[in-house]
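The values are calculated or read from the model by the stated rules, or taken from the named source; none is laboratory data. A quick note: this is a predicted structure, and the numbers were derived from the prediction, not measured. Heads up, the Cβs are rebuilt from the backbone with ideal geometry, glycines too, and the neighbour counts pull from every protein chain shown. SASA here: full protein model, heavy atoms, side chains in, ligands and nucleic acids out. Shrake-Rupley method; radii C 1.70, N 1.55, O 1.52, S 1.80 Å.
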Amino acid sequence: MKANLSNQSSDRKIVKLPKLLYLVVCLFSFNACLLNPIVQSVLCPDKDSSFNPALWLLSPNPLVEFNQSWAGVRKGDNLQLEARYYMYGYRIDTTFQWSSSNTSVATVDANGFVQSIGNGKVYITAISGDGRASAISDITVYSGFVYTSLDTSNSVSHLTMAPSTGLLILSGTDLAGSGPTGITVNPSGKFLFTGDFYSDTISHFLIDQSDGTLTANATPTIPAGDRPRNLITTPDGKYLYLASEGTQTIRAYRVNVNGTLTFIDSYSTVIGQSQIQISRNGNFIFYLSPTLTELISYRINYSDGTLTQAGVSPSFSNDGSGNVATHPNGRYLYVGSYPTLMIFNLDQETGSMSFVDSLNHSKSINGSAMHPSGLFYYLVHINEGIIACYTVDPKTGKITYSSAATGYAAISLRFMVIDPTGRFAYVAANNGSNLFQFSINQTTGELTSMGTVNAGGPQWNLIFL
């Protein structure tokens, strides 16, 4: 009997132990909810709706987050930025120190209120009160003007975008040199340039800042080598680079304060490739190699505008296509080659490039465009009349086919631009006078036609200001 009683007593102790542990856990949890704010947020999440458990577990370092990490703001409009400070995932009340990288483009006050001033890119920074963390919002201030080169009528057309609908209205056309194809503006929106394919010139225009009207510069054209094509300007507006198809060179120019150009030097590329691109940080120019199967980067010397070869990409198959797009984070390059699209990682300090991924499309390539969010990438397939949309993983740079706008095979689609808000896209066509307009689904990137607008003639290339 004693043995039996002893066993019964032992059994009762075993039963009581879990209850005791349960009581201790309950008391600890109650105390934590009352006294420890971090543990309180884990055990009683409804006490702090701003707490992010994943952030607490994966990002122990202090960080600042914006309500908008990028935005397009029409010139004269404003934007309210909101910054939040997290310590171990727990939101901490603090003040922020705000600053603008270029107050001639936009200013910001002590509360994150951004007022746009002039065209261009600006970075708005918020630093936490303790100085331990910061965040940057990439802002583009725009006027809402679209300019397109009309190569068959030797002119440039100017269209104005309606802010709410995104629809364009033709405002006028102006004569350029013979056969303008490439077109660019300086970042401040004061000057416009075209590469005139048949007259071997670059045309210079002044832009009226109030309504976008063009006026031929006092020096309307300068020599540009044989058969000039596309042009780009540096982010600071000091230099312009031109792809000269006939002379097989990159030609460098200094942009003077009055909007005229001064020739600096030319750089042999051996091939007549017409596409040229610049890195997001403005340090490098990209151009196809003599074999058409590699991308070459050239470093820009900002003291005099000269170029020095910096890097060569891994080789890829190609038939001569070479439209290059850059990701907003600056780390990835997308080369529209045939039969595959190539993606490279760019070292933004050295200009070297490494392979990331490739995607077979087996279609012709003419233009491409990257959404300002960096989440969508578009390829213009000129012969097939297709504008393909791909979703982008900004962390890896890799893309996945998503959707396509089709039915434009007889239109000869050329190049595509997206407005800085990411809501609308415009595609030039070299057959007929209609320029194509699309709205963009902000979740999927899918394009929806908004019809066409008479651009004054067949278009070759276009740019958004």
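If you go through the range 360-383 one residue at a time, do you hit one that is among the aliphatic types (A, V, I, L, M), open to solvent by 30 Å² or more (accessible area, probe 1.4 Å) and within 30 Å of Thr160 (Cβ to Cβ)? Show your work before the answer.
Kept after step one, since they are among the aliphatic types (A, V, I, L, M), are these residues of the range 360-383: 365, 369-370, 375, 379-380, 382.
Narrowing further to those that are open to solvent by 30 Å² or more (accessible area, probe 1.4 Å): 375.
Among the residues that remain, those that are also within 30 Å of Thr160 (Cβ to Cβ) are: 375.
Within the range 360-383, one or more residues are among the aliphatic types (A, V, I, L, M), open to solvent by 30 Å² or more (accessible area, probe 1.4 Å) and within 30 Å of Thr160 (Cβ to Cβ).
Taking the condition of being touching a Pro at 6+ places or on another chain (Cβ under 8 Å) and not polar (S, T, N, Q), how many residues in the range 213-240 meet it?
Total meeting the criteria: 3.
If you go through the range 330-353, how many residues are within 20 Å of the chain's Cα centre (by Cα) and part of a strand (DSSP E or B)?
Total meeting the criteria: 12.
Only one of these is open to solvent by 50 Å² or more (accessible area, probe 1.4 Å), in contact with a strand residue (DSSP E or B) (Cβ under 6 Å, 6 or more places away or on another chain), over 30 Å from Thr308 (Cα atoms) and of a type outside the set (D, E, K, R): Tyr401, Tyr390. Name it.
Tyr401
Can you name the residue in the range 354-380 that is outside any loop (DSSP other than H, G, I, E, B) and of a type in the set (S, T, N, Q) and is also farthest from Gly336 (Cα to Cα) among such residues?
Here the residue is Ser354.
Which of the residues belonging to the range 155-166 are closer than 15 Å to Leu214 by Cα and crowded, with 20+ Cβ neighbours inside 10 Å?
Of the range 155-166, the ones closer than 15 Å to Leu214 by Cα are 155-160.
Answer for the range 155-166, where residues must be closer than 15 Å to Leu214 by Cα and crowded, with 20+ Cβ neighbours inside 10 Å: Ser155, Val156, Ser157, His158, Leu159.
Mind telling me which of the residues Ser178, Ser188 ends up being closer than 18 Å to Pro420 by Cα and outside any strand (DSSP E or B)?
Ser188
Anything in the range 381-408 that is under 15 Å from the mean Cα position of the chain (by Cα), touching a residue at least 12 places away in the same chain (Cβ under 8 Å) and in a loop (DSSP other than H, G, I, E, B)? List them, or say none.
Pro394, Gly397
What are the residues in the range 227-240 that are open to solvent by 60 Å² or more (accessible area, probe 1.4 Å), touching a strand residue (DSSP E or B) at 6+ places or on another chain (Cβ under 9 Å) and not basic (Lys, Arg), if any? Let's see the steps before the verdict.
From the range 227-240, those open to solvent by 60 Å² or more (accessible area, probe 1.4 Å) are 227, 235-236, 238; that's our starting set.
Add one more test, that the residue is touching a strand residue (DSSP E or B) at 6+ places or on another chain (Cβ under 9 Å), and what stays is 227, 235, 238.
Pro235, the sole residue that qualifies.
How many residues does the range 404-426 hold that are open to solvent by 30 Å² or more (accessible area, probe 1.4 Å), under 27 Å from Arg331 (Cβ atoms) and of a type in the set (D, E, K, R)?
Looking only at that region, the number is 1.
Scan the range 222-235 for residues that are outside any loop (DSSP other than H, G, I, E, B) and either more than 26 Å from the chain's Cα centre (by Cα) or farther than 17 Å from Asn258 by Cα (or both) and jot them down.
Ile222, Pro223, Pro228, Arg229, Asn230, Leu231, Ile232
Only one of these is within 30 Å of Phe436 (Cβ to Cβ) and either open to solvent by 20 Å² or more (accessible area, probe 1.4 Å) or β-branched (Val, Ile, Thr) (or both): Ile139, Ile124, Ile117, Ile92. Name it. I'd like the intermediate steps shown before the answer.
Numbers: Ile124 fails: within 30 Å of Phe436 (Cβ to Cβ); Ile117 fails: within 30 Å of Phe436 (Cβ to Cβ); Ile92 fails: within 30 Å of Phe436 (Cβ to Cβ).
When all the criteria are applied, what remains is Ile139.
Within the group Thr219, Thr262, which residue is surrounded by fewer than 19 Cβ atoms within 10 Å (Cβ to Cβ), without any contact (Cβ under 8 Å) to a residue 40 or more places away in the chain and not in a loop (DSSP other than H, G, I, E, B)?
So the residue among Thr219, Thr262 that is surrounded by fewer than 19 Cβ atoms within 10 Å (Cβ to Cβ), without any contact (Cβ under 8 Å) to a residue 40 or more places away in the chain and not in a loop (DSSP other than H, G, I, E, B) is Thr262.
Check Ala243, Ala252 and return the single one that is open to solvent by less than 20 Å² (accessible area, probe 1.4 Å), among the aliphatic types (A, V, I, L, M) and modelled with pLDDT under 95. Break it down stepwise before answering.
Numbers: Ala252 fails: modelled with pLDDT under 95.
Just one listed residue meets the conditions, Ala243.
Which condition number in (1) in a strand (DSSP E or B); (2) over 30 Å from Leu413 (Cα atoms) is the one that Val146 fails?
Going through the list (1) in a strand (DSSP E or B); (2) over 30 Å from Leu413 (Cα atoms), Val146 breaks only (2).
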